[in-house]
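Have a look at the structure below, then the notes.
The values are calculated or read from the model by the stated rules, or taken from the named source; none is laboratory data. Every value quoted in this text rests on a predicted model; they were computed, and no experiment measured them. Here Cβ is always computed from backbone atoms with ideal geometry, including for glycine, and neighbour counts include all displayed protein chains. Accessible surface areas use protein heavy atoms only, side chains included; no ligands, DNA or RNA. Shrake-Rupley method; radii C 1.70, N 1.55, O 1.52, S 1.80 Å.
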Amino acid sequence: MTTAPTPVPAPAAADPSGGPGAVAAGSPAPPPAPRVRRLRGGSWLAALPLLAFFAIGFGLPAIAIVTGAFTLSSDAETGAGSFSTANVTDSVQGAYWTALLSSVKLSALTALIGTVVGLPLAQAVVTSRFRAVREAVLTASGVLANFGGLPLAFAFVATLGNAGEITKLFHLTDHGWTLYGFTGLSIAYLYFLVPLMVLTITPALDGLRTQWREAAANNRATALQYWRHVALPILLPSLLGGYVLLFGSAFAAYATAAAMVGATVPLISRSIADALSGNVLVGQGNLALALSLDMIVVAVLVMAVYLPLQRRSARWLS
Amino acid sequence: MAQLTQRLGGGRRPRLWRGAVLLVAGLYFLVPMAASVWFSVDNRSGGVQFDAYTGLLSAPGFTDALVLTLELAAVTVVVLLALLVPALIAARLGTARMRSVLEVVCTLPLVVPPVAFTAGVIGVLRWGPDHLMDTPFFQTIVFIQQPEFPLVLVIAYVLMSLPLAYRALDSGLRAVDVRTLVEAARSCGASWPRAVVTVVLPNLRGALLNAAFLTLALVLGEFTAASILGYQPFAVWVYSVGNSQGQMSVAVSVLSLLITWVLLLLLAAAGRERRPAPAQS
């Protein structure tokens, strides 16, 4: 495995200093060395504004979360501002723990469905003989993957809510249907998760070479065997990476749930928002920060899976 | 070989399967759109009315919220590109270490969900009255929170769209040999800024538009940070309307979807114009 040919991008190889030599006609041109040095120093200089902005805009809130999560709130009766693990302990107990579990469950389930549904859809698009189908589906995916938040919630309320058009058309409420629960929220989430999966997995499917399929067929492999032993193993990192991405999006979503189901499905993002708007007990102002820390820990764990996978799939599907 | 390829490519079964998948997906994705459009014009007695759309302009707070959102979006796009583009171009010319530093920096915001990030921002803003009362930092904190133009939202939006914009720009830069372009321009006597502005940036048109579009879409629809921090840009306004006038909020959803479509189609058209032969993706 370690000797697998890593495709080297051609431009990097075609870099040797043909350029400077060719221009050395005029004045005694400066040797390449100082040019390179100036380039390096300058390159960090050009990135400085971004790094400074990041350090302030992202670093300070991150510090606030960590320090706040481990100190007693300023409105606590005793010991305000002192070190304490009370917030963090509270944030993984009782209703908050339920909310965290419910968030994880919802994200894991919708990401799984999104992956399982997105893969055949992407494959149908990639192998389609009609270019228009491909263009249309990919453009639509680009739009719908960004169609989260409030508009999505309102669109689903208009479709499947209690007064929604489809609900009325098929009298779904008589059959016990309600949008304002776990199932309804999952269906709404899939509306942006499936397109996200299609967008994520399409490049990987494009990277599956026809030769591999032909080679498998020459060895008398059936389509099923080809998928089981060739395509899926190659796609696995991309698929898992996509799953993780979907999980992250579903986990971080707030507006859709806030507008659609209110408090019927407990979610960690809603708990944080409630805690921030003061709907918690006195002395627990920093609880929101502790909950945020929990959320970040879950997201970090998820990302820790994602990044290596992405690198691995990039090796095969360059 | 020809026989094999025929058997692989021309089977009848896969085509049926493909059609079924596309049909089911099409239904799932089109029905809510159609239902929303119908919902927004349904007058509850079988007829059609456009009150929800015509009433928008005169609805209280609509223009204020829309203008604020558009201003926020414009400033966010400008700030984001101004920060990111020089850094990424420089990273292409610079060391591999710098590229990986930027990659980490631009990916990190993904790990912090918007709600959690907003909580952190509120934590920082609380430092103002708590600890910094007598320092100039306090003025800064007050300044970035002014309700007419909350700069704190711009900061949040720039960071939230950083991963998206980074990916769009990075894939654009990958397709262009920046080093050769810059060296060629420099050998022809162009100054650094000129080499970047007149040679590199035109090659990144598609990527720049893509990044700008993604950022725009994010800011137009952003609800979490704005609502928790207590400002009222468009999405928050829509939410408050949704509580009283359901039809109007659905109308706005339909419109926002339409606007996103139009933006994306414009983007695709603009990206295609200059690149007749798409050699690389």
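Is the stretch A:207-216 home to any residue that is open to solvent by less than 10 Å² (accessible area, probe 1.4 Å), within 9 Å of chain B (Cβ to nearest Cβ) and part of a helix (DSSP H, G or I)?
no
Tally up the residues in the stretch B:219-240 that are more than 7 Å from chain A (Cβ to nearest Cβ) and either crowded, with 22+ Cβ neighbours inside 10 Å or charged (D, E, K, R) (or both), please.
Narrowing the stretch B:219-240 to residues more than 7 Å from chain A (Cβ to nearest Cβ): B:219-220, B:222, B:225-227, B:229-234, B:236-237, B:240.
Subset that is either crowded, with 22+ Cβ neighbours inside 10 Å or charged (D, E, K, R) (or both): B:219-220, B:222, B:225-227, B:233-234, B:236-237.
The qualifying residues number 10.
For the stretch B:90-104, give me each residue that is within 7 Å of another protein chain (Cβ to nearest Cβ) and either buried (at least 24 other Cβ atoms within 10 Å of the Cβ) or free of Cβ contacts under 8 Å to residues at least 40 places away in the same chain (or both).
Pass one, the stretch B:90-104, residues within 7 Å of another protein chain (Cβ to nearest Cβ): B:90-91, B:93-95, B:98, B:102.
Residues satisfying the conditions are B:Ala90, B:Ala91, B:Gly94, B:Thr95, B:Met98.
Within the bounds of the stretch A:270-278, is there any residue that is outside any helix (DSSP H, G or I) and at pLDDT below 90? It would help to see each step written out before you state the result.
Step one: filter the stretch A:270-278 for residues outside any helix (DSSP H, G or I), giving A:277-278.
Filter once more, so that each one left must be at pLDDT below 90: A:277-278.
Yes: the stretch A:270-278 contains one or more residues that are outside any helix (DSSP H, G or I) and at pLDDT below 90.
Within the stretch A:126-138, track down each residue that is β-branched (Val, Ile, Thr), at the interface with chain B (Cβ under 8 Å from one of its Cβ atoms) and either touching a helix residue (DSSP H, G or I) at 6+ places or on another chain (Cβ under 6 Å) or open to solvent by less than 20 Å² (accessible area, probe 1.4 Å) (or both).
The answer is A:Val137, and nothing else.
Say we look at the stretch A:158-181 and pick out the residues that are within 10 Å of chain B (Cβ to nearest Cβ) and either in contact with a Pro (Cβ under 6 Å, 6 or more places away or on another chain) or of a type in the set (Gly, Ala, Ser) (or both); which of these is farthest from B:Asn43 (Cα to Cα)?
Across the stretch A:158-181, the extreme among qualifying residues is A:Gly161.
So, in the stretch B:36-77, exactly how many residues are assigned to a helix (DSSP H, G or I), among the aliphatic types (A, V, I, L, M) and under 24 Å from A:Phe156 (Cα atoms)? Working first, answer last.
Quick first cut of the stretch B:36-77, residues assigned to a helix (DSSP H, G or I) only: B:36-41, B:51-54, B:62-77.
Right, trim to among the aliphatic types (A, V, I, L, M) and you get B:37, B:41, B:52, B:65-68, B:70, B:72-75, B:77.
Remaining after also requiring under 24 Å from A:Phe156 (Cα atoms): B:37, B:41, B:52, B:65-66.
Residues that pass the stated criteria total 5.
Which one of these is closer than 24 Å to A:Gly248 by Cβ, more than 9 Å from every other protein chain (Cβ to nearest Cβ) and hydrophobic (A, V, I, L, M, F, W, C): A:Leu50, A:Leu112? Full working, then the answer.
Values: A:Leu50 fails: more than 9 Å from every other protein chain (Cβ to nearest Cβ).
Being closer than 24 Å to A:Gly248 by Cβ, more than 9 Å from every other protein chain (Cβ to nearest Cβ) and hydrophobic (A, V, I, L, M, F, W, C) holds for just one of A:Leu50, A:Leu112, which is A:Leu112.
Being over 19 Å from B:Val250 (Cβ atoms), in a helix (DSSP H, G or I) and not acidic (Asp, Glu), is that true of even one residue in the stretch A:144-164?
First, the residues of the stretch A:144-164 that are over 19 Å from B:Val250 (Cβ atoms): A:145.
Imposing the further condition that a residue be in a helix (DSSP H, G or I) reduces the set to A:145.
Next cut, not acidic (Asp, Glu) only: A:145.
Taking every residue of the stretch A:144-164 in turn, at least one turns out to be over 19 Å from B:Val250 (Cβ atoms), in a helix (DSSP H, G or I) and not acidic (Asp, Glu).
Being crowded, with 17+ Cβ neighbours inside 10 Å, among the hydroxyl-bearing types (Ser, Thr, Tyr), in contact with a Ser or Thr (Cβ under 9 Å, 6 or more places away or on another chain) and under 27 Å from B:Ser36 (Cα atoms) narrows it down to one residue among A:Thr159, A:Thr202; which is it? It would help to see each step written out before you state the result.
Values: A:Thr202 fails: under 27 Å from B:Ser36 (Cα atoms).
None of the other options fit; the residue is A:Thr159.
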